[in-house]
1. Identify the single condition in (1) modelled with pLDDT under 95; (2) within 25 Å of residue 332 (Cβ to Cβ); (3) out of contact with any helix residue (DSSP H, G or I) (no Cβ under 8 Å at 6 or more places or on another chain) that residue 223 does not satisfy, given that it satisfies every other one.
2. Quick one: which of 513, 481 is at negative phi, touching a strand residue (DSSP E or B) at 6+ places or on another chain (Cβ under 9 Å), outside any loop (DSSP other than H, G, I, E, B) and buried (at least 24 other Cβ atoms within 10 Å of the Cβ)?
3. Looking only at the range 43-56, which residues are touching a helix residue (DSSP H, G or I) at 6+ places or on another chain (Cβ under 6 Å) and under 18 Å from residue 165 (Cβ atoms)?
4. Return the pair list, or none, for Cβ contacts closer than 7 Å from residues in the range 178-206 that are touching a residue at least 24 places away in the same chain (Cβ under 8 Å) to residues that are exposed (fewer than 14 other Cβ atoms within 10 Å of the Cβ) and in a strand (DSSP E or B), at least 6 apart or on different chains.
5. Looking at the range 358-378, is at least one residue in contact with a helix residue (DSSP H, G or I) (Cβ under 7 Å, 6 or more places away or on another chain), at pLDDT below 95 and under 24 Å from residue 260 (Cα atoms)?
6. Could you list, ordered by first residue, the pairs with Cβ atoms under 6 Å in which the first is in the range 444-456 and at negative phi and the second is surrounded by fewer than 18 Cβ atoms within 10 Å (Cβ to Cβ) and assigned to a loop (DSSP other than H, G, I, E, B), at least 6 apart or interchain?
7. Considering only the range 548-569, state which residues are within 30 Å of residue 203 (Cα to Cα) and touching a strand residue (DSSP E or B) at 6+ places or on another chain (Cβ under 6 Å).
C-alpha cells in the first residue's frame, strides 16, 4: 500500500503499519464527512486504535445517536468515490495557529500550545477538509475500501472531567471487505457473550438507577457463585499459612495521611465530611486494605520468628471511578477483593513473591482463566515524581530486585511505565474481556516504603530492630470482575463447581413428584446444589428451560427410572448420558466438583 508522509514523500508502507495508516486515514475521512453534515463541528483527537479508530468532536447543541451513523457512513462513501488526493503541508507555528483559528478548530489551537516550540506542525488536506496530523496517510481517498462506523459515546476533552464532554464516534477499517465482515461477525458474537447481557438474562446481577452507577445488586445466583469463590480462596490461603483478618470499612483521614493515600489518591476516595475542615473529624471509605492490616502487625512488638506474616482478608473496597469508566461488573465503585499483605524479612522476599505468584496461577487454573492472561511488570515514571513516594534510589533498588525475581522465575512479561503503585513496582496479571478491553485481574506488589511510615519494626536475629519489606497481593483479584470474566469465558455455562445450581430434577409428571423430591433430598444430603422442577408443564418445556439457564445436569425421573431405581441423566447442551443409579451420579458429580473440573 502506497502512503504519503508529511514531507511529501510517497513510499510503500511497511506491512506491519498498513492497518494503522488505513484506520488513521479513515478517521480523517470520517471527520470530513461529519464536517459536511455538521458544519459547526470542531475536532479534538482522532487516532487509530487496536480495533479501529475514533474521533472526538464538539457538535455544539447537536446530540448524535447511533441512528445518525448511517448518514455519516454514506457521506464517507461519497468521499472515497470522489477519490480526493491527500496532500501534506508543514507550516510554521504562528501560521499553523492562524490556519486552525480560521477554521474554528479551537481544540487544535489548544493542542498546538501543548507541543514543543521546535516541533514541526504538519497538516493533511483532502478536498475542502484539512486536519493537523503527523501522518502518514493513504494517497487517495479511494484506497479506503472497507470501513464501518460502530458506536457513539462521550469523552471529556483531554480525558479531564473538568473539561467539556465531546462526542466520540467509533469506527473500524480493514484492507478488504471479507476481513471487515469477519471482524463484524466476531464483534456480534462478543456482544452475545458480554457479561452485561448474559449476567442479566441468567439473573446473576442487576443494577438500579436509584442506587447508583457502579453499584450492582448481586442476585441469588451471582451471590452464590461469589460465595463459592470466596470460600475457596479463604480455605486455600489458610492451607498456605495465611492469617485471616477483618478490618473496618472506613477510617479517619489521619490513617490515609500516614499511608500517603490522602495525598496521592484522594480524588479516588469517597470522603465522609469536609476534607478541608481540620476542626472536625473526617472519614473516608477505604479504597484498599493495606493501612488497616498493618495494624495487626503493629498490635505488639514482633520478632523475626513471626515472619513472614501472611495476612489475608476478603475486603470490600470503595473507589470513586468516573461514570464513563463504569462497565457492568468489570469496573464498579464498590467491590470485594481477595486482598493480602505479607510482612517479611528482606531475605524472604523472593520465596514469598514466588509463593504469591504460584497461588495466583493456581487460582487462575482453578477457575479456567489461566490461558487467557498476560503479565506486566509495572514500573514508575521518574518524570512524574509528584505521583510517587520515595527517592529514585529506592525505586531503582525495588525495580531491580523485582526484575531479578521475575527473571529467576522465568516469567515472560511486558513492561508498563507509569503503571506502578505510588509506593512500589508491581506485577500485574492482565486479562481482556470479550471486547478486547484489557484490565488488571491480579496484582503482586513490592513495597519498601510504607513499613517505615507506619513505624513497623521487628527484632532480628542479631537483636537489632529492623524495618520489614511488604508484599501487597491479591490471589484472585476482584470477585465481581472475576465473575464477569467467567460469564464471558463460559457464555454463562459455569463450571460444575462454580454453578449456583448444579442439578435440576425433573419428574415426567406430577404423580412422580414424591419420587423426584426423594432424589432431590438425596442430592442435597450429598452437598450438591439442586432444585426440583415439578411444575405442571410439559417435560420438554422444563428441560428446555433448564438448558437455557445453563444448568450443568438434568435428572429425569419417570416410571422406568422409579422401577429400576435409576435416574436418566442429561448434560446441558443436549448430551444424553443415559441411565445410572443415583449413587453413581452422586459419585460422578462430587468428583467433578472436588477436582474443580472444567469442560474444555
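The values are calculated or read from the model by the stated rules, or taken from the named source; none is laboratory data. Please read all numbers here as calculations on a predicted model, not as lab measurements. Cβ placement follows ideal geometry from the backbone for every residue including glycine, while neighbour counts extend to all protein chains displayed.
1. The single condition residue 223 does not satisfy is (1).
2. Criteria check complete, one pass: 481.
3. 43, 44, 46, 55
4. 205/217
5. Checking the range 358-378: not a single residue is in contact with a helix residue (DSSP H, G or I) (Cβ under 7 Å, 6 or more places away or on another chain), at pLDDT below 95 and under 24 Å from residue 260 (Cα atoms).
6. Short answer, once both residue conditions are applied: 451/467; 452/467.
7. Within the range 548-569, 551, 553, 554, 555, 556, 557, 567, 568, 569 qualify.
Results for (1) within 19 Å of residue 408 (Cβ to Cβ); (2) without any contact (Cβ under 8 Å) to a residue 12 or more places away in the chain; (3) more than 15 Å from the chain's Cα centre (by Cα); (4) not in a strand (DSSP E or B), shown as yes or no for each residue.
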position: 342; (1), (2), (3), (4): yes, no, yes, no
position: 347; (1), (2), (3), (4): yes, yes, yes, yes
position: 351; (1), (2), (3), (4): yes, yes, yes, yes
position: 356; (1), (2), (3), (4): yes, no, yes, yes
position: 362; (1), (2), (3), (4): no, no, yes, yes
position: 366; (1), (2), (3), (4): no, no, yes, yes
position: 371; (1), (2), (3), (4): no, yes, yes, yes
position: 376; (1), (2), (3), (4): yes, no, no, no
